[in-house]
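First the structure, in the form of structure tokens, and then the observations on it.
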Amino acid sequence: MDFQHVTVLLNETVDGVVTDPSGIYVDCTLGGAGHSQRILESLNPRGRLICFDQDEHAIRHAQELFSGDERVLLVKKNFENLEKTLEELGLQPVQGIMFDLGVSSPQLDEAERGFSYMQDAPLDMRMDAQNSMTAKEIVNTWREEELAQIIWNYGEERWAKRIAQFIVQKRQERPLETTGDLVSVIKAAVPAAARRDGPHPAKRTFQALRIAVNDELGVLDRVLDQALRCLDRGGRIAVITFHSLEDRIVKERMKSWLGRCTCPPELPVCRCGAKALARVLTRKPIFPSEEEIEKNPRARSAKLRIAEKI
Ligand SMILES: C[S@@+](CC[C@H](N)C(=O)[O-])C[C@H]1O[C@@H](n2cnc3c(N)ncnc32)[C@H](O)[C@@H]1O
């Protein structure tokens with residue numbers, strides 16, 4: 001089965017997360033299995049790797065790739081079920097957990113998944129085909145203000161209000177069915193002068209819808225503390241993000257694990273009981289090298305942060 005995804009920050013992530021070759025590791029975002037393969041190379045026969053992906057295609061690809069490797073366990077679930085699943089499997093604590101967020105190249109490239117503004121396809125954008133919410137439902141049923149808000153917040157699109165207004169006008173004639181329908185509406189909404197340079201005018205709105213359809217920020221927010229609880233002492237968590245909204249969530253959560261006292265300065269003794277749970281190993285995030293970005297432009301916006309449980 002073909003599954004072409006160029007792995008981002010491969011050595012930096014795996015070297016940062018694997019500390020014990022006999023340990024149990026979790027790759028929460030299997031995708032094309034680039035990180036997973038490298039983790040397995042670092043483990044001895046006693047090591048174990050649990051891989052999560054909510055996308056059936058990623059799981060099927062890995063079933064072929066890892067068939068016969070008894071160290072690997074594939075879980076077709078949203079990673080927000082991390083703690084419950086590890087508990088059920090009796091595989092806790094673990095020595096390392098990694099996330100390489102967002103979508104894989106095959107998800108973007110397979111036109112019928114509806115992630116791409118370059119190819120006409122039904123407005124879908126679900127990573128998990130069993131979820132009920134699709135991009136079509138959002139653009140055709142959400143209120144204009146809600147649409148404007150997600151396009152502004154998740155897409156950082158300055159024309160969000162106009163785009164939302166145009167979507168609502170258009171759907172009064174007939175529902176928007178395809179990515180092509182949406183691209184036409186966006187092109188009509190964004191003034192020609194603003195469309196002349198910069199990225200494709202639909203890029204930001206598509207990103208926003210994808211984040212909303214898959215509740216990408218919600219699941220990230222809900223999984224990070226779970227991941228810390230699942231770790232053994234000295235165990236590590238590594239997260240690769242691709243935009244500022246994700247990175248802010250990771251940065252803030254790791255900061256909260258440092259347990260800095262939040263008492264007012266005038267209090268003579270600490271009352272808040274803050275306790276350090278982890279130390280952050282990346283004071284500044286790790287970025288891909290220029291060489292990596294040249295080979296794989298998708299790596300340009302990647303940032304890696306790593307923390308270690310105390
Ligand atoms: C960027 S790709 C990972 C690529 C992989 N690290 C590699 O080297 O090939 C992200 C993958 O994570 C999956 N994914 C994203 N969010 C998820 C979630 N909340 N639960 C489970 N899988 C998720 C996507 O379906 C996709 O296959």
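Brief remarks on what is shown
- Candidate set from the range 30-49 (those that are open to solvent by less than 10 Å² (accessible area, probe 1.4 Å) and either over 21 Å from Gln4 (Cα atoms) or at pLDDT below 95 (or both)); member that is nearest to the ligand (Cβ to nearest atom): Leu49
- Failed criterion for Glu112 (all others in (1) within 15 Å of the ligand (Cβ to nearest atom); (2) free of Cβ contacts under 8 Å to residues at least 40 places away in the same chain hold): (1)
- Output for the range 277-295, where each listed residue is over 20 Å from Val17 (Cβ atoms) and either part of a strand (DSSP E or B) or not acidic (Asp, Glu) (or both): Ile293, Lys295
- Residues that are of a type in the set (D, E, K, R) and closer than 16 Å to Leu82 by Cβ, drawn from the range 1-50: Asp27, Arg48
- When each of Lys251, Lys284, Lys309 is tested for being of a type outside the set (A, V, I, L, M), surrounded by 19 or more Cβ atoms within 10 Å (Cβ to Cβ) and within 27 Å of Gly31 (Cβ to Cβ), the lone residue that passes is Lys309.
- Within the range 72-88, restricting attention to residues that are touching a residue at least 40 places away in the same chain (Cβ under 8 Å) and away from the ligand (no atom under 11 Å from the Cβ), the residue that is farthest from Pro21 (Cα to Cα) is Glu83.
- Checking Tyr25 against (1) at pLDDT 95 or above; (2) surrounded by fewer than 24 Cβ atoms within 10 Å (Cβ to Cβ), the condition it does not meet: (2)
- Among residues of the range 196-229, those that are surrounded by fewer than 19 Cβ atoms within 10 Å (Cβ to Cβ) and closer than 19 Å to Glu157 by Cα, counted: 8
- Subset of the range 228-238 (residues that are touching an Asp or Glu at 6+ places or on another chain (Cβ under 8 Å) and assigned to a helix (DSSP H, G or I)): Arg229, Cys230
- Enumeration of residues in the range 1-58 that are part of a loop (DSSP other than H, G, I, E, B) and aliphatic (A, V, I, L, M): Met1, Val6, Val8, Leu9, Val18, Leu30, Ala33, Leu43
- When the helices (runs of 4 or more DSSP H) confined to the range 99-202 are screened for residues that are outside the structural domain of Gly34 (by TED's automatic domain parsing) and of a type in the set (Gly, Ala, Ser), those reaching at least 2 such residues are found at 144-155, 160-173, 179-189, 192-196.
- If you check Ala111, Ala193, Ala129 for being modelled with pLDDT under 95, open to solvent by 60 Å² or more (accessible area, probe 1.4 Å), under 22 Å from the mean Cα position of the chain (by Cα) and not acidic (Asp, Glu), only one passes: Ala129.
- Qualifying positions in the range 7-29 - within 12 Å of the ligand (Cβ to nearest atom) and farther than 17 Å from Arg305 by Cβ: Thr7
The values are calculated or read from the model by the stated rules, or taken from the named source; none is laboratory data. Source: prediction; values computed, not measured. With ideal geometry, Cβ positions are generated from the backbone for all residues, glycine too; neighbour counts draw on all protein chains shown. Please note that ligands, DNA and RNA were not included when accessible areas were found on the heavy atoms of the full protein model with its side chains. Shrake-Rupley method; radii C 1.70, N 1.55, O 1.52, S 1.80 Å.
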